[in-house]
Amino acid sequence: MRSEPAAEFSTARCADALGIDAVALVRDFRRVTGVSPMRFRCALRMDLAKRLLVETGGAVTDVAFTCGYSSVGTFVRSFSLMVGMPPSAFRDAARSGMPGIATFLSTTPFKGRCVCGTIPDPQPSRPMVVATGLFKTAVPAGLPIAGQILLNGGRFVLPCPSEAPVLHLLGFAVPAEASLWRVSASQEIHVFSKEIHGLRRRPVTVVEPRWRRLTQADPPVVAALPALLDRVAKLQSERSAAAAQHV
């Protein structure tokens, strides 16, 4: 998958080649990576698309075909959902040099429940941008339910919906001089992941993340985190106005 993300992939054919049952393949793949084979492949394709959009001048149609999509419409919908913005907007924003360190929040109404903890400094010898968020799946794609971006770690508090039975706390750290637009498989990336259960039973869930190096079994970071800046500014403005009216 990593060597040829645009190539056709069949779970059944892969299972036959390995001499195992297809159901067992999906089960074991999910156990190792946290997601299904098809979800993993889709994340790899989106990661390739992000690189092509930033580093080449090819049209969106060309990028879609290069990444293995026969339908431009399907590609645009998948990219928008997983990255958080349409391909053309992603290319324009990434090339504009929009800064990337900010706090990002969702508009989901919360009822006092939260996930909190302390993120250790991933690499004390150099400035590192640290991002963490609550996602519905183990792939850091699209807009998180709630999240935070810090410099060299620290305390985090993420509100979560009371009806969520299971969420995934995902995080990564990259050198501060790196571009958050192109977070991908790199030896300089540190990651953590934690599947959180029992959210309905506890008003506060404390999690203490532990960093590890990114491996080939980790899905790439697909979400375009800097693209959330405009959304954050708007949310903060709306909430400040609402608070002022309440007072």
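Taking the Cβ of Arg2 as the center, what net charge do the other residues with Cβ under 14 Å away carry, scoring Lys and Arg +1 and Asp and Glu -1?
Values: positive: Arg41, Arg45, Arg51; negative: Glu4, Asp47, Asp218.
Residues near Arg2 contribute 0 overall.
Let me check something: with ligands and nucleic acids excluded, how do His190, His197 order by accessible area (1.4 Å probe), largest to smallest? Display every interim value, and only then the final one.
Working: His190 15, His197 95 Å².
Correct descending sequence by accessible area is His197, His190.
For region 51-58, take each phi angle, set θ = phi - 60°, evaluate the Karplus expression 6.51 cos²θ - 1.76 cosθ + 1.60, and give the result in whole Hz per residue in order, putting x for glycine and proline.
5, 5, 5, 7, 9, 10, x, x
Starting from 0.36 nm per residue, how many nanometres of slack lie between Ser70 and Thr215 once their C-alpha separation is accounted for? Numbers along the way, then the final one.
Values: separation 145, 0.36 × 145 = 52.20 nm, distance 2.97 nm.
Fully extending the segment from Ser70 to Thr215 adds 49.2 nm.
Any chance you could run the full-extension gain for Arg77 through Ser96? It's 0.36 nm times the residue separation minus the Cα-Cα distance, nm to one decimal. Write down the numbers at each step before the final one.
Values: separation 19, 0.36 × 19 = 6.84 nm, distance 2.30 nm.
My answer for the length gained is 4.5 nm.
Run the simple label-point estimate for Arg126 and Val54 please: 7 Å along Cα→C-beta, distance reported in nm.
Those two pseudo-labels are separated by 1.6 nm.
Within region 131-164, list the residues whose amide N lies under 14 Å from a label point set 7 Å along Cα→Cβ of Thr118.
153-157
Using label points projected 7 Å from each Cα along Cα→Cβ, tell me how many nm separate Arg31 and Val204, to one decimal.
Inter-label distance under the simple model: 3.7 nm.
Suppose each label sits 7 Å from its Cα in the direction of the beta carbon; what would the Leu151-Ala7 distance come out to in nanometres?
According to this spin-label approximation, the distance is 4.4 nm.
The values are calculated or read from the model by the stated rules, or taken from the named source; none is laboratory data. This one's a predicted model, so the numbers in the text were calculated from it and none came from an experiment. So basically every Cβ, Gly included, is an ideal-geometry build from the backbone, and we count neighbours across all protein chains shown. Accessible surface is based on the protein model in full, side chains and every heavy atom, while ligands, DNA and RNA are left aside. Shrake-Rupley method; radii C 1.70, N 1.55, O 1.52, S 1.80 Å.
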